[in-house]
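Have a look at the structure that comes next, please.
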Amino acid sequence: MKQKKKLTFNDFFELSLYLICTVTFVYYLVIGNGGKVFQSALIIVVLLLLRGLLTWTKSDLPFALRFSILFFIALAMLIANLFNMYGVIPHLDKIEHLLSGVILCFVGLFILGKKVRRHRSQIAPSIAIWFAFFFSVAMAGVWEIYEFTVDGLLGFKSQNGSLYDTMLDIICGTVGAIATAFYLVFKVKKDPNSLFDSK
């Protein structure tokens, strides 16, 4: 008989996000706020896509990385957008992009590490760090393309119609990626075999 997997803190965190978004979806549906209904549904879709991707690829994210991703979804999509906290927390948008640069660097490193382990191959730490860095910067650009698209199609104001705002977002993400790359360099110098561990 297959033993049931014990729920972890991250499991409860993820479930709480589903619960909050479901409640807000129903609430905004009742009061007729279509924009908020869409945002609530979008968060649920993103969480399902993340879960589906991890299941499909048979990946088990390290605790810190999974928590960071869930925390970022909660901060950027739930707290900032759904609950309109951009006007309350100063520079929240730039903080999000800075954090995204850090998180995406580790996501890129995780993806590369999974490939390396699967093929039982070797890769120079410097190449791995460069890959993680460029992955993070590229994803910052992809995110701005997404914001530009939904602003144009759905009438949102994610980019405030400003090239300055768009470029500053990408710069913040890049700064986060640079800081993470330097951290990884020092980590490798301390222990050359530590690059793909879960810490």
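Can you compute the modelled spin-label distance between residue 157 and residue 71, with each label point 7 Å from Cα toward Cβ, in nm?
3.1 nm
So what J values fall out for segment 179-189 if you push phi through Karplus, 6.51 cos²θ - 1.76 cosθ + 1.60 with θ = phi - 60°, rounded to Hz, Gly and Pro as x?
4, 5, 4, 5, 4, 5, 4, 5, 5, 5, 5
Using the crude model of +1 on Lys and Arg Cβ and -1 on Asp and Glu Cβ, and no other charge, please compute the dipole size for segment 60-199 relative to its Cα centre, in debye to 20.
840 debye
I've got another one for you. Considering only DSSP states other than H, G, I, E and B, which trypsin sites (Lys or Arg not before Pro) in segment 10-65 qualify as loop sites with at most 11 other Cβ atoms within 10 Å?
Details: sites: 36, 51, 58; in loops: 58.
Loop-located and lightly packed - 58.
Just the number please: accessible area per residue for the chain, 1.4 Å probe, all protein chains included, in Å². Let's see the in-between values first.
Numbers: 12690 Å² over 199 residues.
For the chain, the solvent-accessible area averages 64 Å² per residue.
Give the calculated FRET efficiency between residue 57 and residue 119 to the nearest 0.05, with a Förster radius of 25 Å applied to their Cβ-Cβ distance.
That gives a FRET efficiency of 0.95.
Pull up all non-local amide H partners of residue 61: gap of 5 or more, or a different chain, and H-to-H distance under 5 Å with H placed in the peptide plane.
none
Continuing with the same structure: Test of the criteria: in segment 88-164, which chymotrypsin sites (Phe, Trp or Tyr not before Pro) are in a DSSP loop and have at most 11 other Cβ atoms within 10 angstrom of their Cβ?
Values: sites: 106, 110, 130, 131, 133, 134, 135, 143, 146, 148, 156, 164; in loops: 156.
When the chymotrypsin sites (Phe, Trp or Tyr not before Pro) of segment 88-164 are filtered for loop state and at most 11 Cβ neighbours within 10 Å, nothing remains.
Further, regarding this structure: Leaving out ligands, DNA and RNA, and with a 1.4 Å probe, what % of the accessible surface on segment 45-101 is carbon or sulfur?
75 percent
Calculate one ³J(HN,Hα) per residue across segment 94-104 by plugging θ = phi - 60° into the Karplus curve 6.51 cos²θ - 1.76 cosθ + 1.60, and present them in order as whole Hz with x for glycine and proline.
6, 4, 4, 5, 5, 5, 4, x, 5, 4, 5
The values are calculated or read from the model by the stated rules, or taken from the named source; none is laboratory data. Owing to the predicted nature of the structure, the values given are computational and were not obtained by experimental measurement. Neighbour counts are summed over all protein chains in view; Cβ atoms, including those assigned to glycine, are modelled from backbone coordinates with ideal geometry. With ligands, DNA and RNA removed, areas are computed over all heavy atoms of the protein, side chains included. Shrake-Rupley method; radii C 1.70, N 1.55, O 1.52, S 1.80 Å.
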